[in-house]
Each structure stands twice: as structure tokens, then as C-alpha cells.
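Note sheet for the following structure.
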Amino acid sequence: MRAGLGIMPTRININGVITGPEDAQIPVLDHGFLFGDSVYETLRTYKGKPFLFSRHFARLEHSAGAIDLRLPWSESTTREEIQQTLLHGECRIRLMITRGVGELNPDIETSTDPTAIIIVVPLMALPDRIYEQGVDVVISSVRRSARFADIKTGSLIHQVLARRDAKLKHAYEAILLTGLRMRSCRMESQATSIWSAMAHSSRRGMMPASSRASHVESFWISHARSA
């Protein structure tokens, strides 16, 4: 499968090979593509370094363990590969590990070599009005299974449908629930989820986000300094 041209500068690292999106390829029989059989983390850089990387990697290990997926790289190797893939300036990073190539069925034993993918794009600053005026949010009609509430897999149809809910209701953000509990925001790394960061404790049935607490702290510190 060949990646299409992006609308912004993008670098992609697949198993250590770094290219632009127009040259990035994965086999169509990769189980991450066929079945969403993968785990991922999304993080940003701060002063040119992956922010809270060890926490993100620990959660990646937790997610991988929950679906019996072997990570192909150690924490130190993963950090080095991310660092080599970064663009100039602050970046948004998506780290993804798929089950790898297998047969045309969901049997995990047919996939023996996981695929490591790193996608890097520039970090886009949000408009000041979002911090000053806030945004409209909606509760998505989609519900997540409590069994998978604390892991991040590539099966993201819930987020796709939540985005549709938000757009249909002319809202900026959609909130996903697990039963009657808050699960996550569709764009959980966005700074506009500051209020939900305080609501997202580590209670059972909610996913702890590695950067939420630090986002809250840094948000108030930066605004106090600029006041």
C-alpha cells in the first residue's frame, strides 16, 4: 500500500527506513491494515525531544501486552528512531506497531515479524481564541467496550464515528464514553481537552493519558506567566 502525498511536511519511518509519504509502503497483508491489529501512541516534542517518552512507551508496552503483540524495538532504540525521524521545529509523532504480514485471516500465529511505523508531522499551534473562548463539545453516540478502555489499538472506528458525530452537530470535539463513564476525547492530545484532563483520573474504566497531567500543569504555568 502506497501512502498518498500529504498536505504538510511529513517524514515516515518504517522498520528503520525513513522516507517521505509518497515513498512509504506497507504490504496489504499486514494485519495492522487488514484487522486493525496494532497498538499506537501519539506524542509531541518539547524543545526538540519526545515529551514524556518513557511514559508513552510504558503505555505502548501495556497495550501490546494486552493483545499479545511483541514490540520489535527496545525503549532506547525506539527513542533513537523517533529522534532520527523528527522534522525541524516542534513535531507531532505517531508511533505504531502492527502485527506484521500474515495470512488473510485473523490468526495471530501467521504473523511473526511486527512492523514499526513512526509518522512525524509539524506540531500545529491552536488559535488563541480556543484557549480564551473555549469550544463546543458533544457526547458521542458511540460507546467503547470497557474491556479495551485502558489500551490503545489500531481499531479506531469508534474515533472515526465520534468525529462524524462532532461534525454533524457542528462541534469541535466529541467525547467517547465507556458505558456512562468518560473514556476519552476524539483528539485526546489536544490542549483543548484541558478540562477533561482533570476529569480523567486513573479510575477503573478510564484510560490514563501520559501527557494530560503535564498539559494541565504547563497550561496554567504558561498562562500565569503571560498574565
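The values are calculated or read from the model by the stated rules, or taken from the named source; none is laboratory data. Keep in mind the model is a prediction, meaning the values are calculated, not measured. All Cβ positions, glycine included, derive from the backbone under ideal geometry; neighbour counts span all protein chains shown.
Test T45 against the stated conditions and say whether it is surrounded by 13 or more Cβ atoms within 10 Å (Cβ to Cβ), more than 17 Å from G154 (Cα to Cα) and not hydrophobic (A, V, I, L, M, F, W, C). Here the answer is yes, as T45 does meet what is asked. Yes or no: G100 assigned by TED's automatic domain parsing to the domain that holds K47, of a type outside the set (A, V, I, L, M, F, W, C), on the phi > 0 side of the Ramachandran plot and surrounded by 16 or more Cβ atoms within 10 Å (Cβ to Cβ)? So G100 passes the test. Would you confirm whether or not segment 57-66 contains a residue that is assigned to a loop (DSSP other than H, G, I, E, B), outside the structural domain of I157 (by TED's automatic domain parsing) and modelled with pLDDT of 95 or more? Within segment 57-66, none of the residues are assigned to a loop (DSSP other than H, G, I, E, B), outside the structural domain of I157 (by TED's automatic domain parsing) and modelled with pLDDT of 95 or more. The set of residues from segment 92-109 being free of Cβ contacts under 8 Å to residues at least 12 places away in the same chain and not in a loop (DSSP other than H, G, I, E, B) comprises just one member, E109. Q133 passes every criterion in (1) assigned by TED's automatic domain parsing to the domain that holds T19; (2) free of Cβ contacts under 8 Å to residues at least 24 places away in the same chain apart from (1). When M124 is tested against (1) buried (at least 19 other Cβ atoms within 10 Å of the Cβ); (2) in a loop (DSSP other than H, G, I, E, B), exactly one condition is not met: (1).
Can we say I117 is in the same structural domain as F53 (by TED's automatic domain parsing) and either closer than 26 Å to N13 by Cβ or in contact with a Phe, Trp or Tyr (Cβ under 6 Å, 6 or more places away or on another chain) (or both)? Here the answer is yes, as I117 does meet what is asked. Scanning segment 28-42 for residues being surrounded by fewer than 20 Cβ atoms within 10 Å (Cβ to Cβ) and either in a helix (DSSP H, G or I) or among the charged types (D, E, K, R) (or both) gives a total of 3. For the criterion of being crowded, with 18+ Cβ neighbours inside 10 Å, at pLDDT below 95, touching a strand residue (DSSP E or B) at 6+ places or on another chain (Cβ under 9 Å) and over 20 Å from F57 (Cβ atoms), V142 passes.
The set of residues in segment 141-180 being part of a helix (DSSP H, G or I) and either closer than 24 Å to T98 by Cβ or of a type in the set (A, V, I, L, M) (or both) consists of A146, R147, F148, I157, H158, Q159, V160, L161, A162, R163, A166, L168.
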